[in-house]
Amino acid sequence: MERDKPVIVLVGGEHAAVIEQEFRARYDRDYRIESVLGFAAGLDRTRGLVAEGAQIAMVAAEHVLDEGTSIEFLRQVPAVVATARRVALVSWEDFSGALEALRAAALEREMDTYVLIPRGPRDEEFHTALIELLSEWGWSVGRPLVTVTDVVAEPGDRAAAAVRDLLDRMGFPHRALEPSDDEAQELIEEAGPGARLPLVRTFTGRVVSGATAATAAEAIYGGFDEIPEGVIADVAIVGGGPAGLAAAVYAASEGLATVVVERDAIGGQAGSSSMIRNYLGFPRGISGMRLAQRSRIQASRFGARFFTGRPATGIEPGPAHEPEHQHVHVRGAQFCARTVVLAMGVTYRRLGVPAVDDLVGAGVYYGAATSMAREMQGRDVFVIGGGNSAGQAAIHLAKFASTVTILVRRHDLAETMSAYLTREIDATSNIRVQPRTVVADGGGDGRLEWLQLENLDTGEDTKTSADGLFCLLGAEPDCSWLAEGVALDENGFVLTGRDVPREAWVDGNPPASLETTVPGVFAVGDVRAGSMKRVASASGEGASVLPLVHAHLARLRAREFGA
């Protein structure tokens, strides 16, 4: 039905007819197009649609309106509907004079983007910009009409919440069903007697009983049963975050037999980011999930093989008859690799407040947990952390929550967060920053209801109501499974190159820049000591490791030929 469709609101001026015709030609089937003339009429119609309960996907305003500009108009939209994408439509004759103001407005996040009004048919650049925004809206706000996975669970089920978060990060559209739903009853019968909630039915038809994030991932990607015996890879990459994905793309594109193992969802921490705006080549930004999925597809097309759902458990040198191999162990499987790239990334540091950690999955989340943002509609939410991931999470949550409070130990965010994010936070009216503050306690009846906050300067405690707590507390590497021969720093990060202890240097020479104390084993991205802990730098290291891999493989070939 027409009224069930998401709405695109068009606010026109002199070019209203052209704009409406262009939008209807492309989007009339899937969206309800509401076109009005003028500034005041645009705001009134948008308010009316919200009152009707319509889902507004986009508000697009012509730059020159009767009572102001698109910038002034779009600045008022979030107070009416915070989740709608905001676009300024600029005529060619107005573009030069408006460009400086439009750039400033986009920088201050008063709009999502600005585009030139098409002057003829098939303006694909215009529609690419709009489709990207509508796609991100549909994933983060709208509910998918076509799903590939069903999750059946009681409301508030923590395991189901973890599964849904994983599915969001994987890029799998899914339905959340309660046991009483008709569709759920069919699935429960299919699962058979003794089935336990949550139930997950994957796109292959497989039903997982008592599902966890790990078992759901294994079922979706086929698990590790598909690793055939006798696999020998030129490069084994442990970790599927930006560093591992970049290494996979470049290794596979250069003809190396490439295997990637990932314990969780492809994308790592970056995959949970709602929007990365400072990544090269994406002027309108890109979500971490989409960046990860595109990178995976790119690497797969070059021949890289991905195995997702179980962690690596060990790396050890091959036996005497295979001295050039490293044996990579995963749960229930093993394969050989001539080189290994460690790209496991890091995990978020735990809060260390037992009463709060007891509520993980019930109002308390580690990481951005973008799938939970929709459930924070109209609620009071807290974010702990001063890095870019915390800033991105806060901005995304602010589209749904009544209030978002960022808690940081430092005096302000500028010390640890990119300037573009601090500007956006400053411009978001329902976000506030509370410096020099930590969580001392918290609790609730089955889910988070309150927090006790401590001011680090005065020692004063304040109890406040809280519906959600998202902890993005900094990085902790998980390198406990690595062989003793891989040197770590005092914080557990992998040492490489000249940072390796001198006693491990060979003939007075340090390992290669990204090489560990074990020849042929490299480390890139966040898990490496001294790395920048940014998506772009991790991707750069993943690409930069390939010449070192080639050099090591060349030495192995020379040794074999010499033998």
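Derivation of every value follows stated rules applied to the coordinates shown; laboratory data play no part. Because the structure is predicted, anything quoted here is derived from the model rather than measured. Positions of Cβ are generated from backbone atoms using ideal geometry, with glycine treated the same way; all protein chains shown enter the neighbour counts.
Some values worked out for this structure:
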{"read-out": "Charge sum, other residues only, whose C-beta stays under 14 Å from D123's C-beta, Lys/Arg counted +1 and Asp/Glu -1", "value": "0"}
{"read-out": "Ellipsoid semi-axes in whole angstrom, largest first, where each is sqrt(5λ) of the Cα gyration tensor of segment 408-531", "value": "41, 18, 13"}
{"read-out": "Dipole of segment 2-140, positive direction: furthest Cα of V50, G68, S91, with charges on the beta-carbon", "value": "V50"}
{"read-out": "Rotationally averaged projected area of segment 471-554 (alpha carbon convex hull; nm²)", "value": "6.2 nm²"}
{"read-out": "Of V527, T147, V500, farthest towards positive along the dipole that unit charges on Lys, Arg, Asp, Glu beta carbons give the chain", "value": "V500"}
{"read-out": "Neighbourhood net charge (12 Å Cβ-Cβ; Lys/Arg +1, Asp/Glu -1) for D30", "value": "+2"}
{"read-out": "Unit charges on C-beta of K, R, D, E only; dipole of segment 354-475, Debye", "value": "420 debye"}
{"read-out": "For the chain, Kirkwood radius (reciprocal of mean inverse C-alpha pair distance, Å)", "value": "25.6 Å"}
{"read-out": "Debye intensity ratio in log₁₀ form over the Cα atoms of segment 273-314, taken at each q of 0.15, 0.18, 0.25 Å⁻¹", "value": "-0.51, -0.66, -0.88"}
{"read-out": "Kirkwood Rh and Cα Rg combined as Rg/Rh, segment 354-475", "value": "0.93"}
{"read-out": "Equivalent-ellipsoid semi-axes of segment 149-221, from the Cα gyration tensor, Å, largest first", "value": "17, 13, 11"}
{"read-out": "Karplus (6.51, -1.76, 1.60) ³J(HN,Hα), θ = phi - 60°, over segment 485-498, in Hz, Gly and Pro reported as x", "value": "x, 8, 6, 10, 7, 5, 9, x, 7, 7, 7, 9, x, 5"}
{"read-out": "Along each principal axis, Cα extent of segment 227-295, largest first, Å", "value": "44, 25, 13"}
{"read-out": "Long-range HN-HN contacts of S35 with modeled amide H, under 5 Å", "value": "L10"}
{"read-out": "Compactness of segment 12-98 - radius of gyration and Dmax, Cα, Å", "value": "12.5, 39"}
{"read-out": "Cα centre as origin, Lys/Arg/Asp/Glu Cβ charges: the chain dipole, Debye", "value": "820 debye"}
{"read-out": "Using θ = phi - 60° and Karplus 6.51 cos²θ - 1.76 cosθ + 1.60, couplings along segment 25-39 (whole Hz; Gly, Pro as x)", "value": "4, 9, 10, 5, 5, 9, 10, 8, 8, 10, 10, 9, 10, x, 4"}
{"read-out": "Per-residue ³J(HN,Hα) for segment 46-60, Karplus 6.51 cos²θ - 1.76 cosθ + 1.60, θ = phi - 60°, Hz, x for Gly and Pro", "value": "5, 4, x, 5, 4, 5, 6, x, 6, 8, 8, 7, 8, 10, 10"}
{"read-out": "Cα-derived Rg to Rh of segment 313-413, Kirkwood definition", "value": "1.21"}
{"read-out": "Charged-residue dipole, Cβ positions (Lys, Arg, Asp, Glu), segment 162-287 about Cα centre, Debye nearest 20", "value": "580 debye"}
{"read-out": "Likely footprinting exposure, W481, W137, fewest C-beta neighbours within 10 Å first", "value": "W481, W137"}
{"read-out": "Interchain or long-range residues, amide H under 5 Å from L177's placed H", "value": "V151, V152, A153"}
